[in-house]
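The values are calculated or read from the model by the stated rules, or taken from the named source; none is laboratory data. Bear in mind that the values here come from a model prediction, so they are computed numbers and not experimental data. FYI the Cβ positions are ideal-geometry reconstructions off the backbone, even for glycines, and counts take in every protein chain you see. When the accessible area is computed, the model is the full protein with side chains, heavy atoms only, and any ligands, DNA or RNA have been set aside. Shrake-Rupley method; radii C 1.70, N 1.55, O 1.52, S 1.80 Å.
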Amino acid sequence: MRPLILTALAALTLLSGCADAPVRQDGITINDPYEAQNRRVHAFNKGLDAHVIGPVAGLARGKDDPDAASAPVDPDAPIGLLQMVINAGRNLSLPVKSVNGLLQGRPGNAGQNLSRFAINSTLGLGGVFDPAMDNFGISERDTDFGETLAVWGVPEGPYLELPVLGPSTRRDAAGQVVDLLIDPLYHLLHGQDRAVAFGLRVASKAGDRARFGDTVDGILQGSADSYAQTRLIWLMNRRHDLGEERADYDPYDDADVIDPYAD
């Protein structure tokens, strides 16, 4: 495990740099010393979403079909192709989430994810269906190596927007690299099987974009400053998920925090 820890620390070092004083936006502390570069990446991501990802996601969810958009949700209706893809991709993410549960000292979470993977990969036909939840009440415990680093006490670091991948932080960007290295399926699968698994994981993310398309469109296309809005919402949600709401105040001394709205 030591090489993995060294890899994570090396990634954090490569992404480090001279940080400007953090600022406050809508009551939360934001450390964004690379804002100029981040905004350029955001403009690229926004264009990619507008011309490629968004239209594809819209077709996947039947955006061009008014009947599909307005039809009420029928819980007894057959599962759609989009949801099948999302389910299969999420199922393939469970082994690495189990590993992270162990690294975080949460064996219960690790066992829960591993149980879901075993049940859905067999009874659920490769994860297309979700009998783990429907029949056994076993839910997913979402996590990643970015959370593992947080549990280990690694600070959040500056805000980053990554090409294609979108909002992140220095800690989470390093975590995404290590997640690939510690994913059991990455080492067990080879050749075409690995490519199919990777494709399903990517397609699952695209499926999430389709499910929340209206919300994403509202932020990216309807905001006066989509970069600042995306940054604020993402940081608030990420800190809430990690139980780090108080991180808005703890990492920085108030004397060093700039309030752009102060007189």
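Distance between the modelled labels on Ala224 and Val23, one decimal in nanometres: 1.4 nm (7 Å Cα→Cβ projection). On a per residue basis, the stretch 108-147 carries 50 Å² of accessible surface, using protein heavy atoms and a 1.4 Å probe. The simple spin-label model puts a point 7 Å past each Cα toward its Cβ; for Leu180 and Ala118 those points are separated by 3.1 nm.
Computed from label points 7 Å out along Cα-Cβ, the spacing between Glu245 and Ala36 is 3.7 nm. Near Tyr159, the amide H atoms lying under 5 Å from its own belong to Asn31, Asp32; only residues 5 or more places off or on other chains count, and H is placed 1.01 Å from N.
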